[in-house]
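What follows is a set of notes on a single structure, which appears directly below.
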Amino acid sequence: MKILVLNCGSSSLKYQLIDMETENVLAKGLCERIGIEGSRLKHQPAGKEAVIFDDYQENHSVSVKMVLDALTNPEYGVVKSMKEINAVGHRVVHGGEYFANSVIITPEVIEAIEKCCDLAPLHNPANLIGIHACEEIMPGVPQVAVFDTAFHQTMPERAYMYALPYEYYEKYKVRRYGFHGTSHRFVSEEAAKMMDRPYDQTKTITCHLGNGGSVCAVRNGKSIDTTMGFTPLEGLVMGTRAGDVDVAAVTYIMKKENLTVDEMDNILNKKSGVLGISGVSSDFRDIEEAAEHGNDRAETALDVFAYKVAKRIGAYAAAMNGVDAIVFTAGLGENSGTTRRAICDYLGFLGVHIDSYNNSLRGKALEISATDSRVRVFVIPTNEELVIARDTKELLDK
Ligand code: ADP
């Protein structure tokens with residue numbers, strides 16, 4: 001069985017074609033600037049040079065068609081015809097309270113995803129465009145939706161309720177949802193395998209640290225709390241997002257600077273985080289370099305970042321009444337030994353000890369805790385596309 005995994009943004013489309021017999025990626029690629037001058041498709045067949053197609057992509061339907069052409073192209077393709085693609089798995093950002101699992105897409109499912117557009121106005125409409133484009137170009141091929149929020153639907157009320165007037169939860173569904181669910185699920189399952197323990201009897205804290213970041217408490221295979229909330233703005237300090245802030249500081253700045261709601265929203269999402277504190281960059285590599293060269297604000301940004309992650313790990317160890325494993329994943333979590341060390345240095349009270357040599361390695365799943373560590377610590381590369389493909393296959397097999 002071959003499954004096409006799609007992740008549609010408002011002007012982009014990422015794809016992977018995965019052979020489910022081997023779980024190998026046959027080809028992957030990215031369409032950029034859809035509907036904008038200068039569109040391009042970068043297609044990467046496994047083990048071969050990438051090819052660039054720069055025909056104009058007027059909309060997502062055109063892009064899906066180009067991707068299928070590339071996948072079936074006699075020279076750069078990896079399948080003979082579209083008929084070899086058995087299903088499409090879509091990443092959908094927000095499933096609201098409707099979806100606690102992945103589902104086969106039906107008209108009812110589309111209606112529910114539409115209802116969640118208000119909650120993720122930048123993402124869900126783009127995800128829907130991708131779904132409709134596939135319905136048009138690949139009629140009859142089953143499609144599955146895998147939601148970023150679904151894994152966190154097991155959070156108890158005490159973790160998802162905000163202390164706001166209850167009517168806003170009832171009227172507008174204002175509550176904590178959490179994101180990166182596919183990643184937290186994947187790496188927590190992998191950690192249980194690496195410990196040779198049953199997933200449903202393990203307490204794991206997963207740290208997805210990329211441009212956006214979140215920490216999740218996974219108890220017995222279920223998310224019981226996570227740092228992102230109603231939107232991906234809550235929680236950790238991120239590349240450009242502020243994370244937790246006293247809301248009164250926000251209204252204070254708005255008054256002082258005469259800012260509109262949209263202007264303040266832009267500051268909190270795009271100009272804050274480690275970029276805001278350091279003034280250097282949103283990329284942790286640049287900030288680490290600046291800090292090494294004595295930039296005080298860069299150093300402060302890294303300090304604030306690591307301290308906040310460590311505090312959440314402590315909080316989640318309390319929430320689960322213990323922790324067996326801590327997992328680091330995503331761009332920063334997988335690649336920055338310095339950041340992992342800075343976070344773990346706070347966790348002596350849990351008996352966390354890091355092995356310096358293993359912590360310096362990269363590129364594969366490995367344990368970085370020392371043999372005397374009371375909590376095991378892992379670095380596990382995340383693979384959201386594989387989870388989407390596996391869920392799609394599982395639903396089709398049923
Ligand atoms: P996204 O949230 O966009 O998916 P990624 O998971 O790809 O983000 O993570 C991207 C971030 O990872 C980059 O902004 C960078 O800060 C960080 N990163 C990647 N490699 C390194 C590295 N070697 N050292 C430090 N930070 C890194």
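The values are calculated or read from the model by the stated rules, or taken from the named source; none is laboratory data. In this text, all values refer to a predicted model and were calculated from it rather than measured experimentally. Note: ideal-geometry Cβ built from the backbone for every residue, glycine included; neighbour counts use all protein chains shown. What goes into the accessible areas is simple: the full protein's heavy atoms, side chains included, and nothing from ligands, DNA or RNA. Shrake-Rupley method; radii C 1.70, N 1.55, O 1.52, S 1.80 Å.
Annotations for the structure displayed:
- Mean Cα-pair separation over length for the chain, i.e. relative contact order, pairs under 8 Å, 6 or more apart, %: 13
- Using alpha-carbon coordinates, inclination of helix 261-270 to the longest axis of the chain, degrees: 80
- Between 0 and 90°, nearest 10: helix 60-72 axis offset from the chain longest Cα axis: 70
- Exposure of Cys116 as accessible area (Å², to 10), given a probe of 1.4 Å and all protein chains: 0
- Cα gyration tensor, the stretch 1-122 - rounded (a/c under 1.5), prolate or oblate: oblate
- The equivalent ellipsoid of the chain has semi-axes of 34, 26, 23 Å, largest first, where each one is the square root of 5 times an eigenvalue of the Cα gyration tensor.
- Dimensions (Å) - the stretch 212-322, Cα atoms, principal axes, largest first: 46, 37, 17
- Loop GluC sites (Glu not before Pro), the stretch 4-98, which have at most 16 other Cβ atoms in a 10 Å radius of their Cβ (DSSP): Glu21, Glu23, Glu37, Glu49, Glu58, Glu75, Glu97
- Model label sites at Tyr168 and Lys83, defined 7 Å from Cα along the beta-carbon direction, differ in position by 5.6 nm.
- Solvent-accessible heavy-atom area per residue, rounded to whole Å², over the chain at 1.4 Å: 48
- At R0 = 45 Å, FRET efficiency that the Cβ-Cβ distance of Glu257 and Ile110 yields, to 0.05: 0.65
- Computed over protein heavy atoms with a 1.4 Å probe, the carbon and sulfur contribution to the accessible area of the chain reaches 49%.
- Binning the C-alpha pair distances of the stretch 280-398 at 5 Å intervals from 0 yields a P(r) profile of 2, 10, 18, 19, 17, 14, 10, 5, 3, 1, 0, 0 %, listed from the shortest bin outward.
- Helix 124-137 and the longest principal axis of the Cα set of the chain meet at an angle near 20°.
- Rg and Dmax of the stretch 1-43, both derived from C-alpha coordinates alone, stand at 12.0, 39 Å.
- Estimated FRET transfer efficiency (Asn321, Glu21; beta-carbon r; R0 35 Å; 0.05): 0.25
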